[in-house]
1. Filter region B:35-53 for residues that are more than 16 Å from ligand 1 (Cβ to nearest atom) and more than 17 Å from B:VAL209 (Cβ to Cβ); which is nearest to the other protein chains (Cβ to nearest Cβ)?
2. Name every residue in region A:120-150 that is over 22 Å from A:LEU97 (Cβ atoms) and touching a strand residue (DSSP E or B) at 6+ places or on another chain (Cβ under 9 Å), in order of residue number.
3. Could you figure out which of (1) outside any loop (DSSP other than H, G, I, E, B); (2) under 20 Å from A:SER182 (Cα atoms); (3) within 26 Å of the chain's Cα centre (by Cα) isn't true of B:VAL210?
4. Facing chain B (nearest Cβ under 9 Å), within 16 Å of ligand 2 (Cβ to nearest atom) and free of Cβ contacts under 8 Å to residues at least 60 places away in the same chain - does that describe any residue in region A:314-337?
5. Report, by residue number, each residue of region B:184-208 that is within 16 Å of ligand 2 (Cβ to nearest atom) and farther than 16 Å from B:THR219 by Cβ.
6. Tell me whether region B:127-145 contains one or more residues that are surrounded by 18 or more Cβ atoms within 10 Å (Cβ to Cβ) and either within 16 Å of ligand 3 (Cβ to nearest atom) or among the β-branched types (Val, Ile, Thr) (or both).
7. Condition first: over 30 Å from A:ALA392 (Cβ atoms) and near ligand 1 (Cβ under 10 Å from one of its atoms). Now tell me which residues in region A:73-93 satisfy that.
8. Which one is nearest to ligand 3 (Cβ to nearest atom), of the residues in region A:60-76 that are assigned to a loop (DSSP other than H, G, I, E, B) and touching a residue at least 12 places away in the same chain (Cβ under 8 Å)?
Amino acid sequence: MSVVPTPVLTANWGQERSWKLKKYLAGGGFKAAKKALGLSPEEVMGIVKDSGLRGRGGAGFPTGVKWSFVPQDNPNPKYLVVNADESEPGTCKDMPLLLASPHTLLEGIVISSYAIHCHTAFVYVRGEVAHVARRLQGAVAELYEAGWLGKDIQGSGFDLDIIVHSGAGAYICGEETALLDSLEGRRGQPRLRPPFPAVAGLYASPTVINNVESIATVPSILRNGAEWFQSMGTEKSKGFTIYSLSGHVANPGQYEAPLGTTFAELLELAGGIRAGHELKFFTPGGSSTPILTPADVDLPLDYEGMVGAGTMLGTKALQVFDETTSIVRTTLRWSEFYKHESCGKCTPCREGTWWLVQLLKKLEAGQGQEGDVDKLLAVCDDINGLSFCALAGGAVACVTSAVKHFRPEFELGYTTPAWEAYPYERSALFAGGAK
Amino acid sequence: MSETAPAELVTLTIDGIEVSVPKGTTVIRAAESIGIAIPRFCDHPLLAPRGSCRMCLVEIPDAGNGRGFPAPQTSCTMAVAPGMVVQTQLTSPKAKAAQEGIMELLLINHPLDCPICDKGGECPLQNQAMSAGRAESRFDGVKRRYEKPVKITDRLLLDRERCVLCARCTRFAEEIAGDPFISLAERGAYQQVGSYPGEPFDSVFSGNVVQICPVGAFTAADYRFNARPFDLVSVDTTCEQCAAGCSLRADHRHGSLRRRLAGVNPEVNEEWNCDRGRFHLPLGATDDRPLTPLLKDGGAMREASWPEALAAAAAGLRKALKTGVLPGPRQTAENAAAFAAFARDTLGTPSIDYRVRVKDENQAAFLLEQVKGKALAESVQYRDLENAAKVVLVDFDPEADAPIVFLRLFKGLRKGLKVVAVAAEPSRTLAKLKAELVETLEDAALDENTIVLAGERCASETLRQIATSPARWAWIPNDVGAIGAIDAGCLPGEGGLDVERMLNASMALVVGDDAVEAGMGFTVRLSDLGDDAAGADVWLPVATVTEQSGTFLNWEHRRGSVGLIAKGRVPAAAEVLAHLAGLLAAPETAGSEAGEGIPDFEPAEGEEVSA
Ligand SMILES: Cc1cc2nc3c(=O)[nH]c(=O)nc-3n(C[C@H](O)[C@H](O)[C@H](O)COP(=O)(O)O)c2cc1C
Ligand code: SF4
Ligand code: SF4
């Protein structure tokens, strides 16, 4: 079986200076926006609703439905905030999109803002990627000059400003309410809900927060219609998406394909596991989604398929690990990430990740004691579902799913250092690690 | 009083018990109302819900819509719903296990140094670890460590490793005091409370963070290592620092005052006080101060026995052609009444004035007419301030003059209160109150929806203008005893002299406060501070505020009781005046034998003060 890639979002990535407005317009850019401005905002919202587009930031909430939650009778301004914080380990789709084709997102913002009666939109870019923020700013400047931003866009009477804002480098600022706090100039920590952002978000005003890919998909839907979009994907997961393959694959990178594509099909596109090796485990959508094993390669990578397999589609970041990899080491690295990124607001996440790292370090060093694996699971149990936001759930999922599939390897940590059982240099991709 | 309409009631079931509470109540408060205590750290009834410590998790098998939550929920953030079913740790093993898990996690980075911690013995963490935690921890790793303590201000020390990061302190600073100069910083397990470089935690309410900290992270520099809670005896009292009338809890050990905390008084200070009331500890029975009466003898003061000193006082007063009484503005209502009675019945003089100085000739008349004898029910009250549409400040600086009034106004802002100040210059306090500044009283547009708060500096002409406007108003003096003294009649009546005139006339004076200057004639001074005896012919030490019980009337004319901490060696002013009155009433006898029958208040050597 094989899958035909469906380049829509990635179609222009290979072009010379693809990020320039001239190039984008030459490829049919802003036709969708023009079309949208000719419709009523409600019609635009209707098309996006009908398309079945679901959020690409992780949770998969239907985008058009989210927009319809904005109370239009609220006297405050409405805001659109695009989440470009992309910090989930393994996730690398939004940054390449912004580098290669920032105008795809910006056109999406014009259309989406129009649909929700928003006149000021924000893009919150993760702090570590100054070059991406600069490219985005350059693109925004081009649009002001071309009359696609500012007052009375293209004579339509619609006004829109876009503000590009860089974060200061915190995974938690990808969580939508922490993002809002950060955008308002506070420390990024999740907010208590209710109120929900749709009602009282940025500056206590109605706010829609969407992932980069979600918004960047909107122009293609406007251009080709909801039916076209619906014709791709699976029953409840419509359309196409960017899958990011990284790790022990022959050709890592972004692969755009319909939702429901299987990992086996994607692996085929990516040239398979690196030569001479075999798959040990993979994440379907970043480190926060429970890992899967070779038994799961033929499952459809869509929202329902992954939930059915006890995991989540997440950000569709497929981190691929071959048989040289120590699961204990991998889990420890992930846990260290969560410990470092825990915002500290709530007890289970703040203290639990601190403890998990210590337990995993002992196991990695072969200094675990009988019962430590159970203790690891018990600590996970005391965190899971009890935290303030979803970060801790991710921090726990990578541990519990790893133990579920590879318990003996964790128990080996009572006697043997992971670096002896799985010499680390064998896993290295570039330093002579490949056979 | 502006009472809000009775709130709509919602009925739910907690641990099988049906309870009805006002709509919008959180589950944790609803449980409290039927005596079910759910453990908590970040939750505080007077702070905005935060839901971050996760200690108060409960199971909600039915949210009122037939569906339950799959995982335990924080009862401090969950609003009640009709038909909701809640199971706390008392009936849900799942809730109990969740709470035990959170407690274990809270303790992995806590030093457990209770034996050397100020909070040990009164610590919510210690107590709830016993009631809601497992007996043993499974953690055998490395705890977070910090250099200790951090000096947040001269008064506040922070031991970061004890902190459970509940953000009560920072929320207090921001939400209650309006001084957001402490904040959580850093992230993960290294999150910590900090202050900003160059922006100290400059707040007249700073000490409250020590009291609401649910662990021993914030400690008061003065009290640190000074006592153990279980060695202290608590006395309910009323603060003597200003006319706000805050309830306080005074903790002493064998009569020695160790600290003061805000008392709980929803009508007045809620659960807060100011740093003056908290950190300024009045003298008491165990403090060193002169306790022997002094007599002027050949131009110099010499020690005298009580009978001799009282007799000399009586003789001097008897000889005087004119007499006057200056009780001072810090007396309890009982002492003020004694001074008034002494002037009226014993000396027969209309010259009595509680004030220390007079800036305004017509003030006494206004106070006698408009303030004296006002009942609490007809007075403006704290609650009215909080719910008012508009409060106008006239010659009144709430944060300096009566800090707790400031807290109510600040609270009112969230409910839509608008503050207007008749003031020439902006100030930090007025800025915090988002006050509109106007030049004149007319500009403040006093209508029936306005409450005016006039300070002690307010001229009586202005006071009369306020009193005849449609607005409700209150006069807020600076000193604790002012209202009690006015009610007792300690102001010059018909033919009486005011304090300035008395001090400048050749007349004999009975003075009750060290702040009152010396007069021209024979002076009997009753002194509770042991200050300089200059300017007295007879100097009589009297009990301090901690050595007697009594009553203060605050600016609302609300009575607040003064709790006795420990009787000292000297009597209260009222008692001294009674003896003096007795002497003056007796037929004149020669010499100092007149003092017969007067006890010498010196206690026997080694006499126990009550603990
Ligand atoms: C810890 C955490 C980190 C997150 N990081 C991101 C992120 O980097 N980008 C993103 O789009 N969504 C992120 N999310 C999800 C957002 O909260 C939010 O659901 C999403 O931006 C909504 O957009 P969508 O509906 O278009 O998917 C994160 C969530 C959590 C809990
Ligand atoms: S789970 Fe808690 S500590 Fe962790 S990131 Fe969310 S709010 Fe912060
Ligand atoms: S210092 Fe005390 S009140 Fe402040 S966050 Fe820490 S534990 Fe809470």
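Each reported figure results from applying straightforward, stated rules to the coordinates on display, with no laboratory input. Note that the coordinates shown come from a computational prediction; the quantities given were computed from them, not determined experimentally. Here Cβ is always computed from backbone atoms with ideal geometry, including for glycine, and neighbour counts include all displayed protein chains.
1. So the residue we want is B:PRO49.
2. A:THR120, A:GLY150
3. Just one mismatch for B:VAL210, condition (2).
4. no
5. Selection gives B:LEU184, B:ALA185, B:GLU186, B:ARG187, B:GLY188, B:ALA189, B:TYR190, B:GLN191.
6. Taking every residue of region B:127-145 in turn, at least one turns out to be surrounded by 18 or more Cβ atoms within 10 Å (Cβ to Cβ) and either within 16 Å of ligand 3 (Cβ to nearest atom) or among the β-branched types (Val, Ile, Thr) (or both).
7. Those that are over 30 Å from A:ALA392 (Cβ atoms) and near ligand 1 (Cβ under 10 Å from one of its atoms): none in region A:73-93.
8. The residue in question is A:ASN76.
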